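Reading through the structure tokens given below for one structure.
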Amino acid sequence: MIALGCDHGGFEIKQALIRHLEERGLEYKDFGTYTSESCDYPVYGKAVARAVQSGECDRGIIICGTGIGISITANKFKGIRAALCTNTFMAEATRLHNNANILAMGGRVTTIEDAIKIADVFLDTPFSNEERHIRRISMIEED
Ligand code: RB5
């Protein structure tokens, strides 16, 4: 189950991702926002982070104008590793190396076409499970 969330700056990408996930037959839960009206990105970043943190959803995708505010929000939750990606290389690397559980993107940065490619790579790439990456990820949680 994939948790989706965005503010008004990410609304178009979220709607395009919903159509794409439906075409792929992947299950998702849409935490809003549900219109293009101006709204507060922390509301949606928190909702997706909580859904992934609790195990209700396996992965999340969050989008605001830049991807910055919503990823800062999600990364305050223990166990959440939200990665702001602007290309498929970053999406692949963050799955392999960081085992990122939330993908963040910027609706004013990334085209819809690229966002779909980035999301596909993020969803389809497994964690490498390599010892050095496991060690580094556990170091993130140490303090
Ligand atoms: C909203 O105008 C904008 O600040 C928001 O979408 C995001 O870019 C914040 O980081």
Problem - Lone unmet requirement of (1) within 28 Å of Glu141 (Cα to Cα); (2) within 13 Å of the ligand (Cβ to nearest atom); (3) among the hydroxyl-bearing types (Ser, Thr, Tyr); (4) in contact with a Cys (Cβ under 9 Å, 6 or more places away or on another chain) for Thr33 - result: (1)
Exercise for the section: Select from segment 44-65 the residues that are farther than 11 Å from Phe31 by Cα, surrounded by 20 or more Cβ atoms within 10 Å (Cβ to Cβ) and within 13 Å of the ligand (Cβ to nearest atom) and list them in ascending order. Expected result: Ile63, Cys64
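Which residue, of Gly79, Gly67, is within 12 Å of the chain's Cα centre (by Cα) and modelled with pLDDT of 95 or more?
After applying the criteria, what remains is Gly67.
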Practice task
Please find, within segment 84-129, the residue that is nearest to Val52 (Cα to Cα) out of those that are in contact with a helix residue (DSSP H, G or I) (Cβ under 6 Å, 6 or more places away or on another chain) and free of Cβ contacts under 8 Å to residues at least 24 places away in the same chain.
Solution key: Ala100
Fill in the blank from the handout: Restricting segment 93-143 to residues that are closer than 11 Å to Arg81 by Cβ and of a type in the set (Gly, Ala, Ser), the one nearest to the chain's Cα centre (by Cα) turns out to be Ala104
Exercise for the section: Can you work out which of the residues in segment 4-28 that are in contact with a Gly (Cβ under 8 Å, 6 or more places away or on another chain) and in contact (Cβ under 8 Å) with a residue 60 or more places away in the chain is surrounded by the fewest Cβ atoms within 10 Å (Cβ to Cβ)? Expected result: Glu12
Problem - Residues located in segment 71-111, provided they are within 13 Å of the ligand (Cβ to nearest atom), outside any helix (DSSP H, G or I) and hydroxyl-bearing (Ser, Thr, Tyr) - result: Thr110
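The values are calculated or read from the model by the stated rules, or taken from the named source; none is laboratory data. Note that the structure is predicted; figures quoted are calculated from it, not measured. We place every Cβ from the backbone using ideal geometry, glycine too, and count neighbours over all the protein chains shown.
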